[in-house]
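> Please find one structure pasted underneath; my questions will follow.
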């Protein structure tokens, strides 16, 4: 497991009984996490929170706010800054465990010694986009949600990266990659963070089990002759890091030498030896 342990303005304070208690800057949020099936370890910490997301038995849920929580606020990770905002379906606009991947991408790009073009698919609010732009890469950011792309632009501005070469595009991922193939576009690095299910900008249906392999195949055709890395993240239950790694091995691995490996991402729970698992990934790196 690879840990995101460089945070100073975020931490998991405790976790138990299907929930996690997190500090995001000055504010404490209580959110569901169904894989947390052990008891709460520090009950005294749970007595005062700024917001609590209650899951509904019929699906979805809603936030309960206590006191004056701002609509959004900023937190920092090293030299990167992001807005945090409690949104529907328990999210905050950032997945902090991805900091482990940001560190890896930044190091790869900075040490490449050549111009790097990055394609970030299902790019959400731009955590990886901000990290790659900070490292000096040219980035193409694709997401089907207009609101998420707008937040990515705000995060770039917040991190003083507005002058970097970043294209922010609202589009269906499959259709965009197909157009890039026809245009002959090439990228040295590709990142994808696909949801289990979703819809494109025009209602296109995405199902990770049916579509991920085809997308990887298509993306390999727009990799440059000197690729740097290929990263696939997954939060889909049952889709292991080994499964994703196997997809890379029988596609990318047949054409390019390099290292292919997969693992879990995790976040240490403060003042304990317990690790909160937070999803899987697979990487190819030159």
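The values are calculated or read from the model by the stated rules, or taken from the named source; none is laboratory data. Values in this document were obtained by computation on a predicted structure and should not be read as measured data. Neighbour counts run over all protein chains shown; Cβ positions are idealised from the backbone, glycine included.
> Give the residue that is modelled with the lowest pLDDT, with candidates limited to residues of the range 158-173 that are out of contact with any strand residue (DSSP E or B) (no Cβ under 7 Å at 6 or more places or on another chain) and either within 15 Å of residue 131 (Cβ to Cβ) or crowded, with 18+ Cβ neighbours inside 10 Å (or both).
That would be 172.
> Looking only at the range 267-286, count how many residues are out of contact with any helix residue (DSSP H, G or I) (no Cβ under 7 Å at 6 or more places or on another chain) and either in a strand (DSSP E or B) or under 14 Å from residue 192 (Cβ atoms) (or both).
Matching residues across the range 267-286 total 6.
> Could you list, in sequence order, all residues of the range 250-267 that are surrounded by 15 or more Cβ atoms within 10 Å (Cβ to Cβ) and touching a strand residue (DSSP E or B) at 6+ places or on another chain (Cβ under 6 Å)?
Residues satisfying the conditions are 252, 253, 258, 260, 262, 263, 264, 265, 266, 267.
Yes/no matrix, rows are residues, columns are (1) part of a loop (DSSP other than H, G, I, E, B); (2) under 15 Å from the mean Cα position of the chain (by Cα); (3) surrounded by fewer than 19 Cβ atoms within 10 Å (Cβ to Cβ); (4) in contact (Cβ under 8 Å) with a residue 24 or more places away in the chain:
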{"residue": "89", "(1), (2), (3), (4)": "yes, no, yes, yes"}
{"residue": "92", "(1), (2), (3), (4)": "yes, yes, no, yes"}
{"residue": "97", "(1), (2), (3), (4)": "no, yes, no, yes"}
{"residue": "100", "(1), (2), (3), (4)": "no, yes, no, yes"}
{"residue": "106", "(1), (2), (3), (4)": "no, yes, no, yes"}
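> What number of residues in the range 188-228 are at pLDDT 85 or above and in a loop (DSSP other than H, G, I, E, B)? It would help to see each step written out before you state the result.
To start, the set of residues in the range 188-228 that are at pLDDT 85 or above comprises 188-194, 211-228.
Remaining after also requiring in a loop (DSSP other than H, G, I, E, B): 188, 193-194, 221-222, 224-228.
Looking only at that region, the number is 10.
> Now, a different point. Determine which member of the set 204, 209, 188, 178 is within 19 Å of residue 239 (Cβ to Cβ) and assigned by TED's automatic domain parsing to the domain that holds residue 112. Let's see the steps before the verdict.
Details: 204 fails: within 19 Å of residue 239 (Cβ to Cβ); 188 fails: within 19 Å of residue 239 (Cβ to Cβ); 178 fails: within 19 Å of residue 239 (Cβ to Cβ).
Going through 204, 209, 188, 178 in turn, the sole match is 209.
> Given the conditions (1) crowded, with 19+ Cβ neighbours inside 10 Å; (2) at positive phi, which single one is not true for residue 189?
It fails just one condition, (2).
> Which one is modelled with the lowest pLDDT among residues in the range 240-257 that are in a loop (DSSP other than H, G, I, E, B) and farther than 20 Å from residue 120 by Cβ?
From the range 240-257, those in a loop (DSSP other than H, G, I, E, B) are 240, 250-251, 256-257; that's our starting set.
From the residues that got through so far, the ones that are farther than 20 Å from residue 120 by Cβ too are 240, 250, 257.
Working: 240: 94, 250: 95, 257: 91.
If we take residues in the range 240-257 being in a loop (DSSP other than H, G, I, E, B) and farther than 20 Å from residue 120 by Cβ, then 257 is modelled with the lowest pLDDT.
> Being in a helix (DSSP H, G or I) and more than 15 Å from residue 233 (Cα to Cα) is the filter here, so list the residues in the range 123-141 that pass it.
Result: 130, 131, 132, 133, 134, 135.
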